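A quick write-up on the structure given underneath.
Every number here is computed from the coordinates shown, using simple stated rules; none is lab data. Because the structure is predicted, anything quoted here is derived from the model rather than measured. Methodologically, a virtual Cβ is constructed for each residue, glycine included, from the backbone with ideal geometry; neighbour enumeration extends over all protein chains shown.
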Amino acid sequence: MKLRDKVAIITGGASGIGMATVLLFVREGARVIIADIQDVRGKVEDLLRKGDRVHFIPTDVSQEAQVKSLFQTAIRLFGRFHLLVNNAGIALPKTVPQTTEAEWDHLMGVNLKGVFLCSKEAICFFRQWGGGVIVNVASELGLVGGSEIAAYCASKGGVVQLTKAMAIDHAREGIRVNCVCPGPVETPLLDNLIFSAKDPEEERSRSLNSVPLGRFGRPEEIAKVILFLASEDSSFMTGAAVAVDGGWSAR
């Protein structure tokens, strides 16, 4: 029970890594607020029926008013929160010339601006309470480049650097900020990327072959690293970007 009596806000918690993190945090004793534009109620109906363990708050993290409402609701429900996991994200398999301005703005709004807006709100409250923990979900493509996914690479690189900057700025205030950089993980986001390719089978095979461990990750494996960064087990870590990619970025 590494998170006993803790309250966590998890964005993008309706599926994939976010949902795996919700379930793990609850098992570890936390009360969790899921923030997502997808309706999660059918997926965690049993947990939601318990009332005090999991709450779902529909939220578009790219919209400041909705983010402010999310944090105000969290305080109204629980009095305070201790952990923020910025997991909400989308992908766009295009090169720069193929990407429209609207597509760029939308992706950056979710992947990078969303981290900024949620972290800004969390830090303001953490300062009042003497500290807190932020875990950002970036990507191995925030550490190294990838082909035909330019805007996503840029956004995740921004998340890595924003993580480091916030860690430095707020370390003396008792606020730790780290990020996890997953490689290819069996999630709806990865499925969408593969199915959008000209030859999905070839793309899946190519992606698998690029991972030294020879398989895709599982959401539960990433969730365990997020738990580590959120818990006191990582109490001397801040500003770190932890690659969990089956060796992908080691090549």
Study note, to complete from the structure: Karplus ³J(HN,Hα) for the range 150-158 (6.51 cos²θ - 1.76 cosθ + 1.60, θ = phi - 60°; Hz, whole; x = Gly/Pro) runs 4, 5, 4, 4, 4, 5, 6, x, x
Revision key, fill the gap. Once THR95 and ARG127 are pulled to full extension, the length gained, defined as 0.36 nm per residue separation minus their Cα-Cα distance, is 7.5 nm
Check your understanding: Could you put THR187, THR163 in order, starting from the residue whose Cβ has the fewest other Cβ atoms within 10 Å?
Key -> THR187, THR163
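Multiply the residue gap between SER69 and ASN192 by 0.36 nm, knock off their C-alpha separation, and tell me the result in nm, one decimal place.
On the way: separation 123, 0.36 × 123 = 44.28 nm, distance 3.03 nm.
Length difference between fully extended and current span is 41.3 nm.
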Review point. With each label point set 7 Å from Cα along the Cα-Cβ vector, what nm distance links GLN161 and SER235?
Key: 3.4
**Study point:** Backbone N under 20 Å from the LEU213 label point (7 Å along Cα→Cβ), restricted to the range 4-48
**Key:** 16-25
Exercise for review: Please report MET1, MET166, MET108 as a ranked list, fewest other C-beta atoms within 10 angstrom at the top and most at the bottom.
Suggested key: MET1, MET108, MET166
Exercise for review: Would you mind pulling out the separation of the Cα centroids of the range 106-155 and the range 11-64, in Å?
Suggested key: 18
Practice item. Could you run the Debye sum over the Cα atoms of the range 86-164, one equal point scatterer each and no solvent, and tell me log10 of I(q)/I(0) at q = 0.17, 0.20, 0.28 Å⁻¹, two decimals? Key: -0.64, -0.82, -1.32
Exercise for review: Hey, could you grab the Kirkwood Rh for the range 1-116? Inverse mean 1/r over distinct alpha carbon pairs, Å, one decimal.
Suggested key: 14.7
Revision key, fill the gap. Residue-ordered couplings for the range 216-224, obtained by feeding phi - 60° into the Karplus form 6.51 cos²θ - 1.76 cosθ + 1.60 and rounding to whole Hz (Gly and Pro as x), are 7, x, 10, x, 5, 5, 6, 4, 5
Point to revise | Of LYS164/LYS224; LYS164/LYS198; LYS6/LYS120; LYS94/LYS156; LYS156/LYS224; LYS2/LYS113, pairs whose Cα-Cα distance is over 26 Å | key: LYS164/LYS198; LYS2/LYS113
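What is the Cα convex hull volume of the chain when expressed per residue in Å³?
121
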**Study point:** Diffusion constant of the range 198-251 at 25 °C, which comes from Stokes-Einstein with the Kirkwood Cα-pair radius and 0.890 mPa s, µm²/s
**Key:** 188
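In what order do PHE25, PHE116 fall by count of nearby beta-carbon atoms within 10 Å, going from fewest to most?
Working: PHE25 28, PHE116 18.
Listed from fewest to most nearby Cβ atoms, that is PHE116, PHE25.
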Point to revise | Base-10 log of normalised Debye intensity for the range 104-251 (one unit scatterer per alpha-carbon) at q = 0.09, 0.15, 0.16, 0.19 Å⁻¹ | key: -0.30, -0.79, -0.88, -1.17
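Can you give the translational diffusion coefficient of the range 132-204 in µm²/s, computed by Stokes-Einstein from the Kirkwood radius over Cα pairs at 25 °C and 0.890 mPa s? Please list the in-between numbers first.
On the way: Rh = 13.7 Å.
Answer, rounded: 180 µm²/s.
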